[in-house]
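The next block holds one structure in the form of structure tokens; read it before the comments.
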């Protein structure tokens, strides 16, 4: 079922007013968040920024469903061939909410970080910082749509297979590994560390670790943030980013310890493991989406809710599937992904013991420089004992390093913990895929098709004056879906409202002739109905049904004569009618000989 509704939930003017109200409401809340910080410290800015981003997601989600954003974005014709552009356009609306936040945040930012940006420059600064989060997804989506337009049946068949999905994941992986790091480095306006003693000594330290990278200054928050990062796994496209404030704060030994931490991320392949965890979530969503949709559509509760809310089935389905998937995303990244990130960070911390194995402190004190760096960062940032979802608190990391100094076996135990956790993750992922494939989708789909059709017909019969029309259309659809008993019941009920409808008589006759369920076949009644339909409406398709009825009742010559009349009435389909004539001459109507088909109405 498509996720774009056929009609908007609200009238266009009401939707536009709701959208404008949501923008105004979000803007007021953002002013409140940044105005209540009560101090001029960076921690208050970061707290307000985090809360405002969460609110942006909430407001954007509400606007998407209540204001029919996806419906209006899907109106242009080009969205049919490039559906990813609808999602990208929606992302631009989300950035519109963020733009309101950044407009308000400019003044507090200048007070906290001391740089007087113009409104346009501050907006572009924040877009550049946040763009790498969505850039891979956006490019991958566009590429998928463009490949789908290639006029090659073999390629299209490949895209529909599991191997096709795997190839796209590999493409995504290559993009992240090869293209993403230099693109992000430029977006973040990083500049290469100038030549000098510091660069030479850090480069020499990396060489002793058999590690190749380029060193860059990272102007995050005007360079005043105390942090470092590593990007890329391929030498030559691998960068270690260090903020100027961190360089000014730490000694050379402490900077080398920070470098050891970043090297640990690469040595332990954490960047690739992050990709595995992200793709694992995509896999989980992919295998659970179809069972979830089928399950919802097969429940009576869904249709009761649709009747109560007056929402279209498409809009309600999007809302009902988005909520559990959103909850799954929050739980996955907050707890599972966060668990691995925290333990990867601790694993990277432990690399300092290998990097400083021959340091002048001897066997004890190899983590001294990293502990010292952490203590300075914790003191200056004011959050030494504040853990986050993706990092242990600085105090916790210091305590663990000191524990490993006293008990070297703790290092090995943590390594085993990470390995066992990854193994359990892969096994769990495999189990989810296997269990999802055991869901009886065919049975659920059959149930939801029946319930959906019955609900729609019930609504139309109650609300529309032409009840017979809707019952006949329901019968046609059920016959097409091979739900023949349901189709017969719909046709019979329609006959009570309009017993002399030629279309209805023709379609019922065809069902009585071609039903796969032989118990539903009734050639004699079909002949009566087909004759009456042709008298009222002598079109070629009805003549074909009548010919079939004559043949089913062993009136071969009459069947051939009527089929020849159909040729005269519809010469464009001469080949089909001639094939019917040949079929009548060669075979007899018996079990399995009647052609199965759809309603005889062209």
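A Förster distance of 41 Å, applied to the separation of the beta-carbon atoms of residue 572 and residue 290, puts the FRET efficiency at 0.55. Helix 197-208 and the longest principal axis of the C-alpha atoms of the chain enclose an angle of approximately 60°.
Counted residue by residue at 0.36 nm each, then reduced by the alpha carbon distance between them, the extension gain from residue 325 to residue 170 reaches 53.4 nm.
How far, in degrees from 0 to 90, does helix 502-514 lean away from the longest principal axis of the Cα atoms of the chain, to the nearest 10? The two axes meet at around 80 degrees. Legend: calculated FRET efficiency, residue 137 to residue 31, from the Cβ-Cβ distance at R0 = 35 Å, rounded to 0.05, equals 0.70.
The angle separating the long axis of helix 484-497 from the principal Cα axis of greatest extent in the chain is about 60 degrees.
Here the contact order of segment 464-586, divided by its residue count and restricted to Cα pairs under 8 Å and six or more residues apart, works out to 16 percent. DSSP beta bridges in the chain, what fraction antiparallel, as a percent rounded to 5? Of those bridges, close to 60 percent are antiparallel.
The three principal axes of the C-alpha atoms in segment 313-437 carry coordinate ranges of 70, 35, 18 Å, sorted with the longest axis first.
Put the Cα centre of segment 55-107 next to the Cα centre of segment 202-238 and the gap is 35 Å. Spread over its residues, the convex hull of the C-alpha atoms of the chain is 201 Å³ per residue. Most tightly packed first, judged by the mean number of other beta-carbon atoms within 10 Å of their residues, the peptides 432-444, 512-524, 297-309 read 512-524, 297-309, 432-444. Placing a pseudo-label 7 Å from each Cα along the Cα-to-Cβ vector at residue 80 and residue 423 gives an inter-label distance of 5.4 nm. Think of it as helices only: each DSSP H run of n ≥ 4 in the chain is worth -39500 (n - 2.57), and spread over all residues that comes to -23500 deg cm²/dmol at 222 nm. Computed over the chain, relative contact order equals 9 percent, with contacts defined as Cα pairs under 8 Å that lie 6+ residues apart.
Just so you know, all these numbers are worked out from the coordinates, no wet-lab data involved. Everything numeric in this text was worked out from a predicted model, so none of it was measured. Every residue, glycine among them, receives a Cβ derived from its backbone with ideal geometry; neighbour counts consider all protein chains shown.
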